[in-house]
Amino acid sequence: MGRPSMISVQALVAEIGSTITTVSAFQDLDGDDPQFLGQGYAPTSVEGGDVRIGLQAALDHLASNLGGQPQAQTFLASSSAAGGLRMSVHGLVRDMTVRAAQEAALGAGANISMVTAGKMRPGDLQKLHEISPNILLLAGGVDYGERETILHNAQLLANQGPRCPVVYAGNIQALEEARQLFEHQGIPFHPVSNVYPAIDQLEVNEARRAIQNVFEQNITHAPGMEHIRQMVDGRVVPTPGAVLDAAELLQSHFGDVVVMDVGGATTDVHAVCEDSEEFGRLLIAPEPFARRTVEGDLGTYVSRHSLLKSAGEGWIRRTAKELNLTEREFHQAVESLPPLPSNAQHANLAGLLAQEAARQALSRHAGQVRTLYGPGGKTRVAEGKDLSSVQYLVATGGALTRLPEKAKRLHHVLQSQPPQSLTPALETALLFDQHYIMAVAGTLSKRWPKAAVILMKRSFFPEENP
């Protein structure tokens, strides 16, 4: 047999997920007509001891789709394998600096494993060592405000905490003392501007960028990831951060958007939007323009058991009946569900799991209107992110884009939201990332933003771009 033919491509982009690894090939990214050549995918091989196994299988699948082995000028990658980027967040007041720090961490693509408010205790340190985070985010106090708490926490973490990098995003007046504490212990220290510099003011973008940079510098948390870092050009970015980058790019060209990404392990919701006129004036606390939430208990494969638990017995009974199964048969079907559905029954079941994961995740992400009663009578207030006036609801991830009846399922997600929830309206336009390239486009956008927008538009409207 002869050697397999080689195909020259401008860029390959790998997305190494918790369940599935994909590789996408592109050409002509510098011009007005970028080409998406094809995609290969395979189960991620974390359990096999090396994520390169799944990456090579995805490359082989891509080669079979292209008719030859791709040779790329540029190889980029994002990753959420092995739980992605684990972070802990430590701040002063839970509803203020802690919340601001959480927004920065989630926007960077992190999975937050622990949160503390106020002065940390010895028991917090024990839990922190058990979690073994990749990065610590230390915040607390508005600029030139309270500094005792953040310095107490800095001293405790520097002397007894995990030996992982620290991003400092707190009171600027305590910065130099905190720097000395960590640098004296040889712990990498990355100061950024305060995430909560003044009352009712959020400044999360600089911290978000720093977290992504530290993630890329220390990406060894999944077996074989250190070798992936050597294979690619530039940074390995957290996949959720890449999706949020893509969502921000979409908003600047299309209008306000909510992006839902149901995966095998987590369900992420990304919102890039202004508050509506009606509810914005009712908000009792500021919300970031771009917000991400991650639900680690909602997924179609790795987290399917916790999804069933949160869905409840009533949902299980109704869904089993819809599938013409007994409850026992339904649980057996869920137990045997593979990461990649291989038949119509698998696809239908995975679609129903994805629908329920999306319903719960959107409900958790969105704010709500509440009525308060006081001496002056009734007062309406709004808490959380206002999604009520977004123009587009975008579905990405294999579970929402490649499984049957996706439009019907997403309509059900909107129709089943609580009445006081600030979720998108029923008439919100639904878009589907049919080429499954949103995370890829976010990764590409750092070098080719114009091409990234064109490629996403073609994914949403393939009938207009044959």
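We did not get these values from a lab; they are worked out from the coordinates using the rules stated. Note that the structure is a prediction, hence the values are computed from the model and not measured. Every residue, glycine as well, gets a Cβ built from its backbone with ideal geometry; the counts of neighbours run over all protein chains shown.
Can you work out the FRET efficiency for the pair VAL93 and ARG380, with r the C-beta to C-beta distance and R0 = 25 Å, to the nearest 0.05?
Numbers: r = 25 Å, r/R0 = 0.99.
The pair VAL93/ARG380 has a calculated efficiency of 0.50.
From the phi angles alone, apply the Karplus equation (6.51, -1.76, 1.60; θ = phi - 60°) to region 420-426 and give each ³J(HN,Hα) in whole Hz, x where the residue is Gly or Pro.
Computed from phi, the couplings for region 420-426 are 8, 7, 8, 8, x, 5, 4 Hz.
Add -39500 (n - 2.57) for each DSSP H run of 4 or more in the chain, then divide by its residues: what number comes out at 222 nm, to the nearest 500 deg cm²/dmol? Before the final figure, lay out the partial values.
On the way: 17 runs with 179 residues, N = 466.
Rounded to the nearest 500, the figure is -11500 deg cm²/dmol.
Relative contact order, percent, of region 85-217 when contacts are C-alpha pairs under 8 Å separated by at least 6 residues?
Details: 292 pairs, mean separation 36.4, N = 133.
After rounding, I find 27 percent.
Could you derive backbone 3J(HN,Hα) for region 119-124 from the dihedral phi with the Karplus parameters 6.51, -1.76 and 1.60 (θ = phi - 60°), listing whole Hz in sequence and x where the residue is Gly or Pro?
6, 6, 10, x, x, 5
For SER64 paired with THR326, estimate the spin-label separation in nm (one decimal), with each label point 7 Å from Cα along the Cα-to-Cβ line.
3.8 nm
Quick one: order TRP448, TRP315 by neighbouring beta-carbon count within 10 Å, fewest to most. It would help to have the intermediate numbers written out before the result.
Numbers: TRP448 21, TRP315 16.
Lowest to highest Cβ neighbour count: TRP315, TRP448.
What percent do you get for the relative contact order of the chain when only Cα pairs under 8 Å and 6+ apart count? Each step should come with its number before you reach the end.
Numbers: 1024 pairs, mean separation 66.4, N = 466.
For the chain, the relative contact order is 14 percent.
Could you pull out every residue, at least 5 positions away or on a different chain, whose amide H is within less than 5 Å of the one on ASP256? Hs are placed 1.01 Å off N in the peptide plane, and Pro or chain starts have none.
Amide H to amide H, under 5 Å and 5 or more residues apart or across chains, ASP256 pairs with GLN391.
About the Cα centre of the chain, what is the dipole size in debye to 20, counting +1 per Lys and Arg Cβ and -1 per Asp and Glu Cβ, all else neutral?
Working: 39 positive and 49 negative charges, 167 e Å.
Roughly 800 debye for the chain.
May I ask what percent, to the nearest 5, of DSSP beta bridges between residues of the chain are antiparallel?
On the way: 35 of 76 bridges.
Roughly 45 percent of the DSSP beta bridges within the chain come out antiparallel.
Taking H as built 1.01 Å from N, whose amide H comes closer than 5 Å to the amide H of PHE432, not counting residues under 5 places away?
ALA395
What distance in nm separates the simple spin-label points at ARG121 and GLN345, each placed 7 Å from Cα in the Cβ direction?
So the two model labels end up 5.1 nm from each other.
Order these by the 10 Å Cβ neighbour count, fewest first: THR326, THR19, THR267, THR74. If you can, show how the numbers build up before the last one.
Numbers: THR326 12, THR19 24, THR267 32, THR74 17.
Starting with the residue having the fewest Cβ neighbours, the order is THR326, THR74, THR19, THR267.
Output ³J(HN,Hα) for region 181-190: one whole-Hz value per residue in order, computed from phi by the Karplus curve 6.51 cos²θ - 1.76 cosθ + 1.60 with θ = phi - 60°, and x for Gly and Pro.
Residue by residue, region 181-190 yields 4, 6, 5, 4, 8, x, 8, x, 10, 10 Hz.
Expressed as a rounded percentage, what relative contact order does region 6-81 have, with Cα pairs under 8 Å and six or more residues apart?
Values: 171 pairs, mean separation 31.2, N = 76.
Result for region 6-81 is 41 percent.
How would VAL294, VAL232, VAL23 line up from fewest to most surrounding beta-carbon atoms within 10 angstrom?
Values: VAL294 25, VAL232 18, VAL23 28.
Ordered by Cβ neighbours within 10 Å, fewest first: VAL232, VAL294, VAL23.
Using Cα centres only, tell me the gap between region 4-68 and region 295-360 in whole Å.
Measuring centre to centre over Cα atoms gives 29 Å.
If we sort 385-392, 255-262 on the protection proxy, mean other Cβ atoms within 10 Å, highest first, what's the order? Show your work: numbers first, answer last.
Working: 385-392: 21.9, 255-262: 24.9.
Going from most to least packed, we get 255-262, 385-392.
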